[in-house]
Amino acid sequence: MNVRQTRQNEWQFDYFSENYHQFEGDFYKYSALDTPLSFLADDILLTMASSGKPYFRLNKESAKDGRDHYFLFRIKMVDPKVFNRTFVYVGTTTQLKSGRRG
């Protein structure tokens, strides 16, 4: 079993929340990709979790308007005894402040 499979349940979106529905709407508004978000969700979570950054970038080559889009999240930990991170969508922007890019 690889690390991705072992740790996969530690990272999740709040799929049934209003903020996730907003994320879906914003993603499809800007994304020119043919791949549905449901097929990309695990890769997005893995990228954010492994990088330690609460955002991911939809690059300009994959955006309908030809601009980079950053999808911003906050990390919620329900129980500090259980290492489980829920990424809660907070919005999108086309540029990050210099301190956030890391």
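Rule-based calculations on the coordinates, nothing more; no lab input. These figures come from a predicted structure and were not determined experimentally. Please note: Cβ atoms are built from the backbone with ideal geometry, for glycine as well, and neighbour counts cover all protein chains shown.
Observations on the structure shown:
- Neighbour counts of other Cβ atoms within 10 Å put Val78, Val90 in the fewest-to-most order Val78, Val90.
- Global geometry of the range 3-93, whether rounded, prolate or oblate, following the gyration tensor of its Cα atoms and the 1.5 cut on a/c: prolate
- HN-Hα J in Hz across the range 31-40 - Karplus 6.51, -1.76, 1.60, θ = phi - 60°, x for Gly and Pro: 7, 9, 5, 7, 7, x, 4, 4, 7, 9
- The label-point distance for Leu37 and Gln95, in a model that sets each label 7 Å from Cα toward Cβ, rounds to 2.6 nm.
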